[in-house]
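Chemist: Encoded as structure tokens, here's the structure I'll be asking about.
The values are calculated or read from the model by the stated rules, or taken from the named source; none is laboratory data. Note that this is a predicted model, so its numbers are computed, not measured. With ideal geometry, Cβ positions are generated from the backbone for all residues, glycine too; neighbour counts draw on all protein chains shown. Just the protein is used for accessible areas: all its heavy atoms, side chains included, with ligands, DNA and RNA removed. Shrake-Rupley method; radii C 1.70, N 1.55, O 1.52, S 1.80 Å.
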Amino acid sequence: MHWRAMREGDLDGVVAVAAIAFPDHPEGRACFAERLALAPDSCFVLAGERGVAGYLIAYPWPLEAIPPLDTLLGGLPEARDAWYLHDLALLPEARGGGNARAGLALLFDRVDAPIALVSVNDSAAFWQAQGFESRESPALKAKLSSYGPDARYMVRSVTNPG
């Protein structure tokens, strides 16, 4: 398996991986297509023998702003002082072999700004190991409500070690 730039022809595979990785947070194909169109240089797939085995999608976005789930953005905001890591998802057979870290390295090499994400599925410890730290505030708590009770907003500053 190897990471490469995402292409439009990968979108069905991305949707399939997302359905397995995030069954409680479904998003339509149009959301993935829009994010690829808005930030093609920060969207990747983990290509395996049977197609897409994982994906990573990130885009420029304001810090402490959380895009709503399964919603088209309509464009990137002018005020964007960070990057938002929308998803990093791997099929079960692609997990545990360093593939997640290798995908993140592609993003970390391209981005010289804070990177934010919403941790779900009890993944906060993984993200902490990648240099992300939890941030909490009443405003963030309200924004996280649709992501489930274990959701955490996390940020990796540009000075965090990779």
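Chemist: Taking the condition of being open to solvent by less than 20 Å² (accessible area, probe 1.4 Å) and either in contact with a helix residue (DSSP H, G or I) (Cβ under 8 Å, 6 or more places away or on another chain) or not acidic (Asp, Glu) (or both), how many residues in region 1-27 meet it?
Modeler: 6
Chemist: Criterion first (under 15 Å from the mean Cα position of the chain (by Cα) and open to solvent by 20 Å² or more (accessible area, probe 1.4 Å)) does Ala30 satisfy it?
Modeler: no
Chemist: Can I ask one more? Working only within region 63-92, note down all residues that are touching a strand residue (DSSP E or B) at 6+ places or on another chain (Cβ under 8 Å), acidic (Asp, Glu) and either open to solvent by 40 Å² or more (accessible area, probe 1.4 Å) or more than 14 Å from Val120 (Cα to Cα) (or both).
Modeler: Glu64
Let's see how each residue does on (1) free of Cβ contacts under 8 Å to residues at least 24 places away in the same chain; (2) over 14 Å from the mean Cα position of the chain (by Cα):
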| residue | (1), (2) |
| --- | --- |
| Val52 | no, yes |
| Leu56 | no, no |
| Trp61 | no, no |
| Leu69 | no, no |
| Asp81 | no, yes |
| Ala89 | no, no |
| Arg95 | yes, yes |
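Chemist: Is at least one residue of region 118-131 surrounded by 12 or more Cβ atoms within 10 Å (Cβ to Cβ), of a type in the set (A, V, I, L, M), within 22 Å of Val52 (Cα to Cα) and modelled with pLDDT under 90?
Modeler: Scanning region 118-131, I find at least one residue that is surrounded by 12 or more Cβ atoms within 10 Å (Cβ to Cβ), of a type in the set (A, V, I, L, M), within 22 Å of Val52 (Cα to Cα) and modelled with pLDDT under 90, so the answer is yes.
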